[in-house]
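These notes are about the structure you will find just below.
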Amino acid sequence: MSRPESPPLIEVEDLVVSYPAGRARRVQAVSGVSLAIASGETLGLVGESGCGKSTLARAILRLVRAEHGRVLLAGDDPLDERRLRRRVQMIFQDPVSSLNPARRVADIVAEGLEIWGTDAGGSGGRSEIVERVLHAVGLDPETFGARRPHELSGGQAQRVCLARALAIRPEMLVLDEPVSALDVSVQAQILNLLERLKAEFGLTMLFVSHDLSVVRAISDRVLVMYLGRVCEVAPVDELFRRARHPYTRALMASVPGKPFGVPPASRLIEGEPPSPIDPPSGCRFRTRCPRADQRCADVAPDAIAVGEGHLVACHHPVDPEESHDDRAR
Amino acid sequence: MPGSDRSRRFPWLAWAGAAWIALLVITALLAPVLPLRDPSAKGIRTGEVGRFESPGWNAWFGGARQGEDQLARVVAGIRPALVLGLVVTLLGALLGGVLGVAAGYLRGRLDRLAVGFIDAALAFPVLVLVIAARAAFGASLVVIIAIFTAASIAPYARLVRGATLTLAERDFVVAARAMGATRRRILWRELAPNLALPLFSFACLGFAVVILTEGGLSFLGLSVHELTWGQLIAEGAGEIRHHPHVALIPATVMFLTVMAFNLVGDGLGQLGGRRRPVTVQRQRTGPPSPDAPGPLPAPLSIRNLSTVLHTATGDVMAVDDVSLEVAAAEVVGLVGESGSGKTMILRSIVGAFPVADVSRNGSVEVDGVDVLRGRAEDVQRTLGTAVGMISQNPLTALNPVRRIEHQLTEPMTVHGGLTRAAARRRALELLDQVGLTDGARRLRSYPHELSGGMRQRVTIAVALANHPSLLLADEPTTALDVTIQEQIVTLLARLQDERTMAMVFVTHDLALLGEIADTICVVYGGQIVERAPAAELFRHPRHRYTVALLASRPDPAAPSHTPLAVIPGHPPVPRPDDRGCRFAPRCPAATAQCREERPPEVVDGTHHVRCWHPRGDDEPA
Ligand SMILES: Nc1ncnc2c1ncn2[C@@H]1O[C@H](COP(=O)(O)OP(=O)(O)OP(=O)(O)O)[C@@H](O)[C@H]1O
Ligand code: SF4
Ligand code: SF4
Ligand SMILES: [Mg+2]
């Protein structure tokens, strides 16, 4: 539903994913999401816990099965999921637990080469490639190659995860909360590293996070999700300057320190997100939305274009002029 | 943390067990060449050993009914015991392991079949099987092995299936799948190495069970014809009154062997990280600090507090010379990265620690009561009534199997002396104050029926139950979403204001403290490295760590993709013998002095900083 300029590397069309929820019921974690990510672009994906961010990320790699819809890679539907995983790599939130505790760093990084053959890593033998990617992520192969995961700090472990992913030269990284488990001082290191690797390896990224400041720093475009649906997509500066969806504004207003110049969220939004097992009719945000009316309860809003690459799924989008008090606080 | 796994050592008792097993194996192997008598020779005929001869130089383990040498017989019994144990354990572990992995990893119909088999097999009476088999096939070693193996497959399969199910959900297995690894590869490279240790540990315990069961069968006369320890014991049992050594010595050997396998199995289990709960708390307290408390007791007054955790990986200086005064109605924020010691400062106040052996020095006073050295009853009453605590994870803070009503009224009836009815009335009031509607229904709920935000409101209500003068909040919103975080912070600020409570608010988010705290303390390496009124701290950060921390967050005014200022390296584990400033390895302004000498506390009005070279106002922040 979003339209990047260069041809998309990944396209997701009307994706639906659900999980069993006991007694023959199912909960829809992702309810009809479409998106496209251009080659070389970073798309930020934000939303609160349980909104389906991780499920969407995993469905792109076919780690969970989609009930409906499809994922196209460079224009075609890769039927072979293993081939897809060769070209798209995933990075997880908890770096230490995503490394096999029984193996050494050098072997962990070589894992993709063992699976896909050394040729997948470009020129050189296996140990050369391992050294090269460890250097690229800022780890000294001499010092770290023989260590085991429990001998690494969180930041170091996340670097190892990145090295493992990069060893087979993927075109895209799907990063699910890659810095959320890290200390504030280490977060900045990893974010800078990601920017450098993106340029060096020509990567496309889907960056999932609940932290708006981080998403703003690293993304080209941002997609906001609520209860399995897309609320708003826009280029990063447009979104943070002229957010139109009431939920996007509520999210921005909740960030401590009010860095985005939106009045306190408590004036915008009340209560807690409803259960995804039994989502509200019409617009899913209506139970917490200050602008909700009868139409919102009856009809689910379609995404409408409100600017260059800016889409909003809302019946009564906020006037951009009233949305930010010009940082004057 | 690097090296944190050193605590998983193989305990010395397990080494002792392993030594005993090694001794048995060597003896059994060398039995033919050792100068032992023939175990079947009847001493009363050869004249070498007497009938029921007592243990002594001639026959170390004594003689049996017909003068058989007991030492020779016990040694002869090693082989069948070990062979039986080994074969059964290997076969059972192999077959059960394969079944368990297949069921746990492949899931689907195979798993349902396997679970059915396991449940049925575990319910099957083995003894009946043994008696039937013996009647049908006689009592050869092969028959016994077959029966024992059949009986042990199910427990192994159950163990391995469970372990596989949990492992398969672990991130590193998902990561391997995301890399495109094949199923076979995941089984061999990801699952098998991590299953080996628990399986091996379980097998040792299984070995012990086999030896014990064989003994039991011999006693019932159901075992093999060969000479086994079980038979020796059974034979000697009749003479237990007059010649106890005949039964007791083989029984002791068997007991030691069973014990040895159990110890080795337990040791392996610990190696694999099965943690034992901390039961004993040893807390040492140093002498009181010389300065006397002021005239009006503050809700919280901490002076020169140091807390050292004595852990398996060495001493950790979790709190290092912290002094902190919190006045009534004041909100003090503690901010720091993980491991900086902010939670330990709170825990040092209430005296609850994650390790068993802790030393505290300095003084901590709550409402004028010295909680480190005061009378136990005084301390307990003060902590129970004057202090309320809110923790990071609202789910684990509440007992999952008890209704909200119990958890909310208990502190009021136990510490506050209210009747049940009065406590219930107050509980309803409290729920209303923390913004939970429909209080009567909430009281009847269990924690899992509430959302994360609602649970945190309940823990706040619990903390407020006894009108505390001091509220300790440890990352109360970290587990919550931003929109809920906003609601909870607003609620805490309102309650704190209405009740003129003092509050210590711990978080890793500096910006959040800007919203709620009057005073902010920046914690690094167990120390408060900077303390200042909130606005002052943001405007004029002085400590180099504070400056770096403020700079490392993305600047909302800068365009996206602006490189962030980084702090190289990662936070240290503070040790008691650290010299100099703990931030020195990461500090851009560090000098030789910083590395050698502890920085002094520089006080400028309300602004305290521990740094040799604090940032000046003219330097860019
Ligand atoms: N394996 C599962 N089985 C059942 N339900 C699940 C499973 N995984 C996720 N869910 C549910 O699906 C919904 C979306 O979950 P998802 O993990 O995608 O959210 P998220 O936005 O990534 O949240 P968080 O930020 O907490 O990770 C939630 O309601 C969650 O409870
Ligand atoms: S569609 Fe209605 S309820 Fe949904 S966000 Fe827009 S105004 Fe609010
Ligand atoms: S004392 Fe030295 S090393 Fe420590 S923060 Fe100050 S300048 Fe840096
Ligand atoms: Mg998630």
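The values are calculated or read from the model by the stated rules, or taken from the named source; none is laboratory data. On a predicted model such as this, the values are computed, not experimentally measured, just so you know. A quick note on method: Cβ atoms are made from the backbone with ideal geometry, for glycine too, and the neighbour counts reach across all protein chains shown.
Considering A:275, A:281, the condition of being at the interface with another protein chain (Cβ under 9 Å from one of its Cβ atoms), closer than 19 Å to residue A:51 by Cβ and small (Gly, Ala, Ser) is satisfied by A:275 alone. For the range B:525-543, filtering for residues that are under 30 Å from residue B:360 (Cβ atoms) and either hydrophobic (A, V, I, L, M, F, W, C) or within 10 Å of another protein chain (Cβ to nearest Cβ) (or both) leaves 5.
Flag: residue B:491 matches the condition of being of a type outside the set (Ser, Thr, Tyr), out of contact with any Leu (no Cβ under 8 Å at 6 or more places or on another chain) and free of Cβ contacts under 8 Å to residues at least 60 places away in the same chain.
Pairs linking a residue in the range A:206-228 that is under 17 Å from residue B:563 (Cα atoms) to a residue that is near ligand 1 (Cβ under 10 Å from one of its atoms) and of a type in the set (S, T, N, Q), with Cβ atoms under 6 Å and 6 or more positions apart or on different chains, are A:215/A:209. Can you pull out every residue in the range A:37-88 that is charged (D, E, K, R) and within 16 Å of ligand 1 (Cβ to nearest atom)? Hits for the range A:37-88 are A:48, A:53, A:58, A:62, A:65, A:67. Being modelled with pLDDT of 70 or more and facing chain B (nearest Cβ under 7 Å) is the filter here; which residues of the range A:254-272 pass it? A:254, A:255, A:256, A:257, A:259, A:260, A:272, listed by residue number. Of all residues in the range B:562-593, those that are under 37 Å from the mean Cα position of the chain (by Cα) and near ligand 3 (Cβ under 7 Å from one of its atoms) total 4. Here the range A:175-234 is the region considered, the condition is being more than 22 Å from residue A:310 (Cβ to Cβ) and of a type in the set (Ser, Thr, Tyr), and the residue that is farthest from the other protein chains (Cβ to nearest Cβ) is A:180. Among the candidates B:324, B:309, the residue that is among the aliphatic types (A, V, I, L, M) and either under 24 Å from the mean Cα position of the chain (by Cα) or farther than 22 Å from residue B:525 by Cβ (or both) is uniquely B:309. The number of residues in the range B:488-519 being within 13 Å of chain A (Cβ to nearest Cβ) and either aromatic (Phe, Trp, Tyr) or under 25 Å from residue A:187 (Cβ atoms) (or both) comes to 14. Right, residue A:40: over 26 Å from residue A:228 (Cβ atoms), touching a Ser or Thr at 6+ places or on another chain (Cβ under 8 Å) and away from ligand 3 (no atom under 16 Å from the Cβ) or not? Yes, satisfied.
Condition check: modelled with pLDDT under 90, crowded, with 16+ Cβ neighbours inside 10 Å and of a type in the set (S, T, N, Q). Does residue A:31 satisfy that? Spelling it out, it is not the case that residue A:31 is modelled with pLDDT under 90, crowded, with 16+ Cβ neighbours inside 10 Å and of a type in the set (S, T, N, Q). Being surrounded by 14 or more Cβ atoms within 10 Å (Cβ to Cβ) and in contact (Cβ under 8 Å) with a residue 40 or more places away in the chain is a property that residue B:31 has. The set of residues from the range B:45-100 being closer than 30 Å to residue B:205 by Cβ and not in a helix (DSSP H, G or I) comprises just one member, B:61. Is it the case that some residue within the range B:242-264 is more than 31 Å from the chain's Cα centre (by Cα) and either within 14 Å of chain A (Cβ to nearest Cβ) or of a type in the set (Gly, Ala, Ser) (or both)? Checked the range B:242-264: at least one residue is more than 31 Å from the chain's Cα centre (by Cα) and either within 14 Å of chain A (Cβ to nearest Cβ) or of a type in the set (Gly, Ala, Ser) (or both).
Here A:291, A:249, A:221, A:244 are screened, and the one residue that is away from ligand 2 (no atom under 16 Å from the Cβ) and in contact with a helix residue (DSSP H, G or I) (Cβ under 7 Å, 6 or more places away or on another chain) is A:221.
Here the range A:150-174 is the region considered, the condition is being at the interface with another protein chain (Cβ under 8 Å from one of its Cβ atoms) and either touching a Cys at 6+ places or on another chain (Cβ under 7 Å) or within 22 Å of residue B:338 (Cα to Cα) (or both), and the residue that is surrounded by the most Cβ atoms within 10 Å (Cβ to Cβ) is A:161.
Checking each residue in the range A:276-296 for being within 16 Å of ligand 1 (Cβ to nearest atom) and without any contact (Cβ under 8 Å) to a residue 12 or more places away in the chain picks out only A:278. When B:596, B:530, B:601, B:619 are checked against the criterion of being within 15 Å of ligand 3 (Cβ to nearest atom), surrounded by fewer than 19 Cβ atoms within 10 Å (Cβ to Cβ) and within 21 Å of residue B:334 (Cβ to Cβ), B:601 stands alone in meeting it.
Against the condition out of contact with any Phe, Trp or Tyr (no Cβ under 8 Å at 6 or more places or on another chain) and part of a loop (DSSP other than H, G, I, E, B), how does residue B:388 come out, does it pass? Here the answer is no, as residue B:388 does not meet what is asked. Could you go through the range A:133-148 and let me know if any residue there is within 16 Å of ligand 3 (Cβ to nearest atom), modelled with pLDDT under 90, within 14 Å of chain B (Cβ to nearest Cβ) and not in a loop (DSSP other than H, G, I, E, B). No, the range A:133-148 has no match at all.
Looking for whichever is of a type in the set (S, T, N, Q), closer than 30 Å to residue B:304 by Cα and within 14 Å of another protein chain (Cβ to nearest Cβ) here; the options are B:562, B:546, B:606. Which one fits? Every option except B:546 fails the conditions.
Of all residues in the range A:37-64, those that are under 23 Å from residue A:82 (Cα atoms) and of a type in the set (A, V, I, L, M) have Cβ atoms under 9 Å from Cβ atoms of residues that are in a loop (DSSP other than H, G, I, E, B) and within 16 Å of ligand 2 (Cβ to nearest atom), 6 or more apart or on another chain, in A:56/A:228. Checked against the criterion of being modelled with pLDDT of 80 or more and within 14 Å of chain A (Cβ to nearest Cβ), the range B:422-434 contains one or more residues that satisfy it. Where helices (runs of 4 or more DSSP H) fall wholly inside the range B:122-209, the ranges with 1 or more residues that are touching a residue at least 12 places away in the same chain (Cβ under 8 Å) and within 14 Å of chain A (Cβ to nearest Cβ) are B:141-169, B:171-178.
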